[in-house]
Every structure is written in C-alpha cells, then in structure tokens.
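S.K.: Can you keep this structure in mind? I'll have questions shortly.
The values are calculated or read from the model by the stated rules, or taken from the named source; none is laboratory data. All values reported here derive from a predicted model rather than from experimental measurement. Methodologically, a virtual Cβ is constructed for each residue, glycine included, from the backbone with ideal geometry; neighbour enumeration extends over all protein chains shown.
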There are 4 protein chains.
Amino acid sequence: MIRGVRGTLVAKRSGEVLVDVQGVTFRVQTSATTLQELGEPGDLVSLVTHLIVREDELALYGFATEAELELFLSLLAVSGVGPRGALNLLSLAAPDRLTEWIRGERIEELARAPGIGKKTASRIVLELRGRLPALTEVQAGEPIDQELVAALQALGYTAQEARQAATHPEVRRAPSLEERIVAALRQLAPP
Amino acid sequence: MIRGVRGTLVAKRSGEVLVDVQGVTFRVQTSATTLQELGEPGDLVSLVTHLIVREDELALYGFATEAELELFLSLLAVSGVGPRGALNLLSLAAPDRLTEWIRGERIEELARAPGIGKKTASRIVLELRGRLPALTEVQAGEPIDQELVAALQALGYTAQEARQAATHPEVRRAPSLEERIVAALRQLAPP
Amino acid sequence: MIRGVRGTLVAKRSGEVLVDVQGVTFRVQTSATTLQELGEPGDLVSLVTHLIVREDELALYGFATEAELELFLSLLAVSGVGPRGALNLLSLAAPDRLTEWIRGERIEELARAPGIGKKTASRIVLELRGRLPALTEVQAGEPIDQELVAALQALGYTAQEARQAATHPEVRRAPSLEERIVAALRQLAPP
Amino acid sequence: MIRGVRGTLVAKRSGEVLVDVQGVTFRVQTSATTLQELGEPGDLVSLVTHLIVREDELALYGFATEAELELFLSLLAVSGVGPRGALNLLSLAAPDRLTEWIRGERIEELARAPGIGKKTASRIVLELRGRLPALTEVQAGEPIDQELVAALQALGYTAQEARQAATHPEVRRAPSLEERIVAALRQLAPP
C-alpha cells in the first residue's frame with residue numbers, strides 16, 4: 001500500500017534510514033547499496049518502498065531506485081529468502097551486478113551474503129535466472145536527463161537528490177532545460 | 001478507514017496507480033475504466049478508495065467516481081467474487097454499462113472478465129439484479145457544473161481534474177461562477 | 001493510536017462522515033448526535049476519535065466532544081455492547097442526557113436503541129451506573145470562551161467550528177480576546 | 001515503522017500525550033520522565049517512537065530522548081516485561097539513573113515500579129546488566145550545542161523545544177551560530 005516516501009533524511013544507520021515526512025518519521029529498512037546512494041542527514045530524499053504486514057509488525061523496506069525494489073521483490077518470491085536475506089544480497093552489489101551473478105549462475109558470489117547458503121543461492125539461480133529483466137540504470141524508454149542532473153549538482157544538490165528530482169513526472173513534462181530546472185528546484189524545496 | 005486520496009499522480013501501470021500525497025506514495029489498485037479517466041503523471045488526481053485489511057496485507061482499491069466504488073463494493077459482497085475479479089469486471093465497461101448487463105442478465109458479457117466463469121456471473125446477476133441503484137453519472141440531486149468544468153479545461157486542466165474540482169464541497173458552495181472558478185483553482189493548486 | 005482528525009468535511013451520511021486531512025480522506029463512523037453538531041461539507045471540522053483494529057478491518061469512530069468519546073469507550077467496555085450498539089445508544093440522546101438515563105436506571109429508554117435489548121440495557125446500568133463522571137458540556141475546569149465563540153460566529157463560522165477553535169490549546173493560551181481571535185482564525189484557516 | 005512524530009502538543013495526561021501532526025492526532029503512551037520534559041499544550045514537540053502491532057491494537061510508545069527509547073526497547077526484550085511494566089520502570093527515574101540501578105543490581109529500587117516484582121527485577125539485572133551502553137545525555141560524538149539552546153530559550157522556547165531543534169540534522173550542519181539559530185527557528189515554526 002505504501003510505495004514510496006519523500007522527506008528529510010533524519011538518520012542513516014546500518015540496515016535502516018529514518019525519513020521525516022511532514023512530521024511523521026518513518027523507519028525504512030534498506031541495503032548498503034542504497035545507503036551509499038543517499039545523501040546526509042538533513043537532505044531531501046525519496047525512496048521507493050514495499051510494506052510488509054505481519055500479525056505483530058508493520059515493516060517498510062525502501063530503496064533509492066525502482067530497479068533495486070524490483071529485484072528485492074523478485075528475491076522475496078524465492079522460497080527460503082526473507083526480507084533480511086534479500087537485503088543482505090542487495091548489500092553485496094548493485095542491482096545490475098547482482099542480476100549478472102544470478103544469470104551467470106555465480107553461486108559462490110551469492111552465497112557470500114550472510115544467511116544465504118549454497119542451497120538457497122542455487123534456488124535463487126534456478127527460479128530467477130530466466131525471469132530477471134535486463135537491468136539498466138532506468139527502464140529503457142526513460143533515460144536520465146544528465147544535463148539537468150549536472151545543473152542541479154552545480155547548484156549544490158547531491159547526485160541522489162538531483163537524480164530523484166530529474167525523474168519526477170512534473171519535471172520530465174517541462175519542455176525546456178530551464179523549465180525543468182525550475183520544476184526540479186520546486187521539487188527540491190523543503191516540504 | 002481510508003475513503004479517498006488526493007495528490008500527484010506518480011505512475012500509471014496496468015491495474016494500479018501510484019499517488020504521492022504530501023510525501024507518502026500510495027499504491028492504489030484500480031480498473032482500466034478508471035485508468036482511462038485519470039490524467040498523466042504529474043497531474044493532480046483524486047480517487048475514492050476502499051481499504052482491505054488482511055493478516056498479511058493492507059491493500060487500497062480506488063476509483064475515479066463514487067459510482068464505480070459503490071459497484072466495486074456491491075460485487076465484493078457476492079460470494080466467489082474477490083477484489084481481482086471485481087476489478088476485472090469493472091475493466092470490461094463503465095459502471096452504468098456494467099449495471100445494465102447485470103440487470104439485463106447478460107451472463108455472456110459478464111463471463112468475459114478474466115477469473116469470472118458462467119457460474120459466478122449467474123450468481124452476480126441473481127444477487128445484485130434487484131439491488132443495484134439506477135447509476136447516473138452523479139447522484140440525481142447533484143448535476144456536474146458543466147460551465148465550470150469547461151472554464152477549467154480552457155485554463156489547461158484535464159477533464160478529470162476539472163470534474164474532481166467541480167464536485168468539491170467548497171467549490172459547490174461558492175455562489176457565482178467566478179467564485180466557483182477561484183475556489184476550484186485553490187483546490188487544483190499543488191498541495 | 002489515532003485520537004483525533006482535523007480537516008475538511010467532505011460528506012455527511014447516516015452513521016458516518018468523510019474528512020479530508022491533507023489529501024487523505026478518513027471514513028469516521030459516528031452518531032446522529034455528532035452529525036447534528038458538525039457543519040456542512042466544506043467546513044473545517046475536528047473530531048476526537050478511537051481506532052478499532054481487527055484482523056480484517058481498521059475502523060475509526062469519532063465524535064464532536066470528548067464527553068461523547070468517553071461515554072462511547074465506557075459503553076464498549078460493557079459485555080454485549082459493540083461499536084454499532086454504542087453508536088445507536090449515543091444517537092438516542094446527547095451524552096449528558098444518556099448518562100442521566102443510565103444513572104436513573106431508565107432501562108426502557110436505553111432499550112429503544114436498535115440492537116440493545118432489555119437484558120443488555122440492564123447490564124449497562126449495572127456496570128456503568130456508579131462509574132460515569134458527572135458529564136458537563138466541558139470538564140469542570142475549562143469553560144467554553146463564549147465571547148470568542150460569538151465573535152467567530154459573527155465572522156461567519158459555524159457554532160461547531162467556533163467551539164472547536166476556541167478549545168484549541170494555542171487559542172486558550174493567548175492572553176487577550178483580540179489575540180485569541182487571531183489565534184483562532186489561524187486554526188480555522190484552510191490546512 | 002513509525003520512529004518519530006513532530007507536531008503540536010494537544011494534551012498531557014498520566015501515561016500518555018496527544019500530538020497533532022498535520023491534522024492527525026496521535027495518542028503516544030509514555031513515561032512520567034518524558035512527561036516532565038515536554039512543554040505545555042500548544043507547544044511544538046518531537047518524540048522518538050516505537051509502534052507495537054497486535055491483532056487487535058496499534059499502540060505507539062514515545063519518548064523525549066533516543067536514550068529513553070533504547071532503554072525501553074532493551075526492557076521489552078526481557079521476558080516478563082511488557083510495555084506497561086517498561087513505562088513504569090522508566091517513570092521511576094531518568095534513563096541514566098535507571099541504567100546505574102540495573103548495573104548496580106539494585107533489585108529493591110527496580111521492584112518499586114508497579115507490576116515489576118523481585119523475580120522480574122532480578123531477570124532484568126541478569127539479562128541487561130552487561131549489555132546496556134554507558135548512557136550519556138547524547139551519544140558521545142554529538143554533544144548538545146548549549147550556546148544555541150540558551151539563545152533559543154532566550155527567545156521564549158522551552159528547554160525541550162530548544163534541545164529538539166538543536167539536535168535536528170539541518171541545524172547541526174549550519175556552520176555559524178547565527179545560521180544555526182535561523183535553521184532552528186525554521187524547525188520551530190508551526191508546521
């Protein structure tokens with residue numbers, strides 16, 4: 001039900017970030033890969049998320065990119081792989097590298113993740129090898145507006161902030177570079 | 001408990017939309033009928049919703065009109081029809097057409113929906129035929145302010161945005177057309 | 001967990017109201033007594049609420065006054081009285097009148113509520129008679145600022161809006177009447 | 001999932017506070033220690049929280065400091081100590097004093113808390129004695145900016161508001177005292 005949060009990064013800790021969205025601070029469990037992508041406490045961040053509901057817990061898992069979220073959901077579908085194991089796998093390498101290992105049946109690499117033995121690694125390869133899409137930085141039809149990202153970074157925003165703003169639908173729709181910069185700055189203004 | 005969401009349309013995909021409401025992106029499962037009604041990513045949208053709570057899931061279902069939501073709830077009350085089946089039926093045709101098929105006992109038409117066999121279609125007819133209200137675009141006593149909708153569309157808003165704003169209580173209460181336009185623009189201003 | 005909602009009244013229907021709080025519309029089940037107190041769709045309303053969590057439902061019950069909420073919670077504690085029965089009782093009469101009936105063992109009056117038979121009415125009297133506080137319009141130490149309410153009504157606000165704003169902590173703290181009016185108008189400004 | 005709330009303090013009662021965050025009032029169960037730290041209704045407050053999900057309840061527990069939250073979570077991990085017992089212990093003394101008693105095996109002191117007998121007190125000592133971090137007002141590397149807190153208090157803010165603002169990431173990053181005051185005032189401005 002909750003497929004994303006956008007707010008002020010309050011804290012970064014091993015395995016989780018805290019994001020203040022209009023006065024409610026969400027605890028979002030995540031991977032080392034995403035932690036590296038995010039800026040510093042005080043920055044505006046945007047994560048794509050997946051809500052797991054159990055009888056005794058509501059847990060929110062989030063990532064800097066759709067690609068990493070999709071891979072997380074694919075890994076969860078493999079029997080024997082829970083959220084913690086999926087996060088450990090995603091902390092080993094970026095989504096495209098991890099996908100290569102799964103396609104290339106690199107059981108040894110996958111089994112390096114804590115909590116993932118050779119048996120589970122083999123099952124991941126068996127179940128996902130043929131089903132994972134070719135992972136590019138962004139879905140084929142929507143390349144990142146590098147020019148806009150560079151302009152925003154020149155204005156002092158982090159790479160992650162600039163990319164998040166550049167992929168926002170309102171920014172994409174603005175015809176000229178100037179209008180996209182204005183639209184992006186509006187997205188980046190503190191909520 | 002959650003009977004509506006109003007925010008920026010982030011993405012439209014088969015069977016679902018993502019709506020950013022003040023920094024929280026809600027995943028709302030919906031029908032092809034509603035997907036056609038909604039604008040493009042970046043537009044302001046407003047959906048009427050129904051929250052389904054299960055032991056392992058919180059799922060939000062949403063529609064562009066009250067009429068479609070009411071029909072969704074009626075279909076869910078028929079044994080053997082789950083949310084997925086109800087969405088497939090609602091994706092076949094607009095609510096008023098679907099209601100005509102149910103009243104006219106058009107089992108063949110209803111059974112075209114994926115996951116709805118003839119047996120379930122017959123049960124839908126049996127249980128709902130006499131209970132469905134005459135579905136008009138809006139409840140009898142509250143016709144859409146076409147003049148206002150046209151004025152808003154002339155200002156560049158989509159049909160769905162204009163109708164949503166035109167039916168907002170604050171806009172309805174404004175006495176003159178000018179005041180209704182101002183009130184509608186206030187509703188349409190980005191949150 | 002959710003002890004109140006404050007936003008725009010979207011719709012009033014038998015047994016429930018819809019309140020838009022910053023883009024999320026909450027469905028709040030309530031009594032006829034509260035429905036009479038609330039203004040019209042488009043008004044700013046504030047309800048005190050109680051969240052009931054079940055395996056298959058999240059249900060929010062809300063009232064115009066703390067007194068009615070407290071009585072609702074007391075009624076729920078009586079075995080055999082569920083939320084629907086408690087709302088039916090609260091729809092019979094205002095909290096102070098209902099409390100008098102319970103103290104005065106007026107079984108006949110209580111049993112007029114749909115779903116509340118004489119047996120349940122007797123149990124309500126037995127379990128609550130000695131425990132209900134003397135219900136006044138507001139807890140003894142905090143009388144309503146009638147002067148402020150009158151001033152706000154003169155500015156066009158409904159009685160319910162004026163009373164809600166007048167009881168807001170920030171408004172109570174303002175020393176002079178002028179400052180209380182300014183603070184109240186800030187509360188009443190659309191969110 | 002909800003690791004903090006920031007909004008207007010609506011009410012303070014024994015064992016709980018009500019905090020209005022953008023129109024939704026959260027009921028946060030807390031200790032006497034935190035109640036003393038918080039300001040008065042109408043003040044802006046910020047609490048770190050822990051959400052407990054049960055089949056029939058969503059309960060939010062919150063504290064003025066991370067130290068008190070960490071100790072609450074540690075106490076909950078001891079078998080036989082539930083949220084109510086943990087709050088009663090935390091209401092006996094501030095986190096650093098309570099930690100001293102646990103390390104110093106002060107069973108008598110701990111057993112003064114309602115609902116905590118000698119057996120449970122001994123188990124707390126046994127399980128936590130060696131595991132509790134040296135509790136200082138704030139983690140070692142991040143001392144409170146006393147100069148900034150004093151300046152904010154001179155401007156009329158309570159100690160708790162000033163400390164909350166002074167520890168906000170955005171405020172910490174501002175280089176000079178003047179810039180930190182401006183950043184803090186932005187945090188303290190009503191949402």
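S.K.: All but one of (1) in contact (Cβ under 8 Å) with a residue 24 or more places away in the chain; (2) aliphatic (A, V, I, L, M); (3) assigned to a helix (DSSP H, G or I) hold for D:L69, so report the exception by its number.
M.R.: Evaluating D:L69 over (1) in contact (Cβ under 8 Å) with a residue 24 or more places away in the chain; (2) aliphatic (A, V, I, L, M); (3) assigned to a helix (DSSP H, G or I) leaves (1) as the failure.
S.K.: Which residue pairs have Cβ atoms under 8 Å apart, sit 6 or more places apart or on different chains, and have a first residue in segment A:110-129 that is free of Cβ contacts under 8 Å to residues at least 40 places away in the same chain and a second that is of a type in the set (K, R)?
M.R.: A:A111/A:K118; A:G115/A:R84; A:R129/A:R103
S.K.: Residues C:L60, C:L69, C:L18, C:L73: which one is within 10 Å of another protein chain (Cβ to nearest Cβ) and in contact with a His (Cβ under 8 Å, 6 or more places away or on another chain)?
M.R.: C:L60
S.K.: Which numbered condition trips up B:L58, out of (1) in a strand (DSSP E or B); (2) in contact (Cβ under 8 Å) with a residue 12 or more places away in the chain?
M.R.: So the condition that B:L58 fails would be (2).
S.K.: Further question: I'm trying to understand the selection: among the residues of segment A:21-41, which are within 7 Å of another protein chain (Cβ to nearest Cβ) and more than 14 Å from B:G23 (Cβ to Cβ)?
M.R.: Passing the criteria: A:R27, A:P41.
S.K.: When segment C:3-45 is examined, which residues are found to be under 14 Å from the mean Cα position of the chain (by Cα) and within 15 Å of C:Y157 (Cα to Cα)?
M.R.: Within segment C:3-45, C:E37, C:L38, C:G39, C:V45 meet the criteria.
S.K.: In segment B:72-84, is there at least one residue being among the basic types (K, R), surrounded by 20 or more Cβ atoms within 10 Å (Cβ to Cβ) and within 27 Å of C:V53 (Cβ to Cβ)?
M.R.: no
S.K.: Would you kindly identify the helices (runs of 4 or more DSSP H) lying entirely within segment A:81-191 that contain at least 1 residues that are under 18 Å from A:T30 (Cβ atoms) and modelled with pLDDT of 95 or more?
M.R.: Where helices (runs of 4 or more DSSP H) fall fully within segment A:81-191 and carry at least 1 residues being under 18 Å from A:T30 (Cβ atoms) and modelled with pLDDT of 95 or more, they are A:83-92, A:95-103.
S.K.: Being part of a strand (DSSP E or B) and surrounded by fewer than 20 Cβ atoms within 10 Å (Cβ to Cβ) is the filter here; which residues of segment C:27-49 pass it?
M.R.: Result: C:Q29, single match.
S.K.: Taking segment A:14-26 on its own, how many of its residues are in a strand (DSSP E or B) and in contact with a Pro (Cβ under 7 Å, 6 or more places away or on another chain)?
M.R.: 0
S.K.: Kindly list the number of the only condition in (1) out of contact with any helix residue (DSSP H, G or I) (no Cβ under 8 Å at 6 or more places or on another chain); (2) more than 7 Å from chain A (Cβ to nearest Cβ) that fails for B:L44.
M.R.: (1)
S.K.: Name every residue in segment D:1-15 that is more than 14 Å from D:V45 (Cα to Cα), more than 10 Å from chain A (Cβ to nearest Cβ) and not basic (K, R), in order of residue number.
M.R.: D:S14, D:G15, listed by residue number.
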